[in-house]
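Report on one structure; see the data block that follows.
The values are calculated or read from the model by the stated rules, or taken from the named source; none is laboratory data. Keep in mind the model is a prediction, meaning the values are calculated, not measured. Because the Cβ atoms are built from the backbone with ideal geometry, glycine has one as well, and the counts that use them run over all protein chains shown. Remember, those area values only see protein heavy atoms, side chains included, never the ligands or the DNA or RNA. Shrake-Rupley method; radii C 1.70, N 1.55, O 1.52, S 1.80 Å.
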Amino acid sequence: MSFSNNLKENVIRSAGVDPKKCMKCGKCTATCPNGNEMEYKPHQFVYMVEKGDIEPLMNTDSIYKCLSCFACVERCPRGVEPAKFIEAVRVAKIRKQGENHLKADMIPDLLDEDLPQQAIVTAFRKYSK
Amino acid sequence: MKFSYYPGCTLKTKAKELDKYARLSAEALGIDLVELENWQCCGGAYSMAKDEIASKLSSVRALAAAKEKGQDLVTLCSACHNVLKQVNNDMTTNEDMINRVHNYMKDEEPYNGETKVIHFLELLRDVVGFDKLKEKVVNPLGGKKVAAYYGCLLLRPSKIMAMDNPENPTIIEDFIRAIGGEPVVYPYRNECCGGYIALEDKNNAIKKSTLVMESAEKNGAEEIITACPLCLYNLNKNGAVELPVKYFTELLAEALGVKGEN
Ligand code: SF4
Ligand code: SF4
């Protein structure tokens, strides 16, 4: 089994959902509040994971653009739940050594006096291991 | 009536009012919220990756502690509520995770999703009842036009959160009516404020929060209420519209005449 096949299987297992159920309606991308900021959009994550084309997804900033709003999870008519693929790819990426997107020493510059702790812990959960 | 209560980290720091007004109101309504001992931060976001397990243990501990007390677990922060409910769902559906958690925690009585997690709003609707709440109101809002901002985390994913219809919710509107206000329904009430993106992409949070506030304002809102500290922050700080944004518990305490108490 090639490396990319392994990676594909890992991502699908980690996501726990089935990309083959996608009927390519694009609703996930249409409803995504941050789709405009993504190079690869939610429906492309689904398609590319199904194809095993994971490397470009690992290397795009789009994995840090998902807001975890669960809109695509809720509204996908086929129960594909695309954000789960974005999450699975992001987790595969930040688990690698040295791939944290947010480091603790970056935090002080990002703070303002009203920023709730919730924002910081969430960003860490999403960006770092 | 006694409930276990999970405040979460933000309610101990930047969102003290959300917590304080909930406690005062609960007392006035005859509800005893008992804060869990030694609770740990839920992490703020539920990881959708099925093999992310360590980061979900703090939630399992809180759920198991409530089970030990034989009490339902009340939450207030939308994010804590979302994380605890989703992890609780994992503890009945994700077999691999269940096994790993049991092996790791080695509790005498393993936790299997028994605890019922209820949001403070559900407590008002399902335990107190909005009709009963209305009877207890001493300072009604006087028909003030209030917009409920649900955001993302209270409602979605609806098959797990099961609080309300995710596209046409009514729980906060019914709450507003019960305390004498007039609810304003607007299309962006369940769209995202930008959430934690505020940390690294402020302009993006400004765009999203402004959309929400413009939508509320356009539909006649005089005020917006929320249950989420991060929503409140984004709308207040990043929304380019001058509308007051408050925690729903503040309006509740005011209506019950207990706001000035400590
Ligand atoms: S909404 Fe669901 S079915 Fe439609 S493109 Fe997205 S993943 Fe596929
Ligand atoms: S969960 Fe992420 S990918 Fe899905 S709609 Fe929200 S921001 Fe977009």
### Query
Would it be correct to say that A:Pro33 is at pLDDT below 95 and over 12 Å from the mean Cα position of the chain (by Cα)?
no
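To keep it simple, each residue is scored yes or no on (1) modelled with pLDDT of 95 or more; (2) within 16 Å of ligand 2 (Cβ to nearest atom).
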residue	(1), (2)
A:Met1	no, no
A:Ser4	no, no
A:Val11	yes, yes
A:Gln44	yes, yes
A:Tyr64	no, yes
A:Ser68	no, yes
A:Gly79	yes, yes
A:Lys84	yes, yes
### Query
Out of the residues in region B:228-244 that are touching a residue at least 24 places away in the same chain (Cβ under 8 Å) and more than 12 Å from every other protein chain (Cβ to nearest Cβ), which is surrounded by the most Cβ atoms within 10 Å (Cβ to Cβ)?
B:Gly239
### Tally of residues being farther than 19 Å from B:Val101 by Cβ and either of a type in the set (Asp, Glu) or in contact (Cβ under 8 Å) with a residue 60 or more places away in the chain (or both) across region B:46-77
7
### Task
Scan region A:48-65 for residues that are open to solvent by 10 Å² or more (accessible area, probe 1.4 Å) and either within 10 Å of another protein chain (Cβ to nearest Cβ) or aliphatic (A, V, I, L, M) (or both) and jot them down.
A:Met48, A:Tyr64, A:Lys65
### Query
Got at least one residue in region B:170-188 being within 11 Å of another protein chain (Cβ to nearest Cβ) and surrounded by fewer than 24 Cβ atoms within 10 Å (Cβ to Cβ)?
yes
### Message
With the structure loaded, tell me whether A:Glu39 is open to solvent by 30 Å² or more (accessible area, probe 1.4 Å), at pLDDT 95 or above and more than 9 Å from ligand 2 (Cβ to nearest atom) or whether it fails that test.
### Response
yes
### Residue, nearest to ligand 2 (Cβ to nearest atom), within region B:196-215, restricted to residues that are touching a Pro at 6+ places or on another chain (Cβ under 9 Å) and touching a residue at least 24 places away in the same chain (Cβ under 8 Å)
B:Lys208
#### Entry: Residue among B:Ile160, B:Ile197, B:Ile206, B:Ile225 that is buried (at least 24 other Cβ atoms within 10 Å of the Cβ), farther than 26 Å from B:Ser25 by Cβ and among the β-branched types (Val, Ile, Thr)
B:Ile197
### Task
Output yes when any residue across region B:210-220 is buried (at least 19 other Cβ atoms within 10 Å of the Cβ), within 14 Å of chain A (Cβ to nearest Cβ) and assigned to a loop (DSSP other than H, G, I, E, B), and no when none is.
no
### Whichever residue in region A:5-36 is open to solvent by 60 Å² or more (accessible area, probe 1.4 Å) and either within 23 Å of B:Ile197 (Cβ to Cβ) or within 8 Å of ligand 1 (Cβ to nearest atom) (or both) and, among such residues, is nearest to the other protein chains (Cβ to nearest Cβ)
A:Asn36
## Note on the structure
Within region A:21-41, the residues that are out of contact with any Lys or Arg (no Cβ under 9 Å at 6 or more places or on another chain) and within 26 Å of B:Ile53 (Cβ to Cβ) are none
### Query
Within region B:135-150, can you find the residues that are in a helix (DSSP H, G or I) and crowded, with 16+ Cβ neighbours inside 10 Å?
B:Lys136
### Task
Name every residue in region A:92-106 that is at pLDDT 90 or above and either in contact with a Gly (Cβ under 7 Å, 6 or more places away or on another chain) or away from chain B (no Cβ under 11 Å) (or both), in order of residue number.
A:Lys93
### Message
If I filter region A:72-91 down to residues being assigned to a loop (DSSP other than H, G, I, E, B) and touching a helix residue (DSSP H, G or I) at 6+ places or on another chain (Cβ under 6 Å), which single residue comes out as nearest to the other protein chains (Cβ to nearest Cβ)?
### Response
A:Glu81
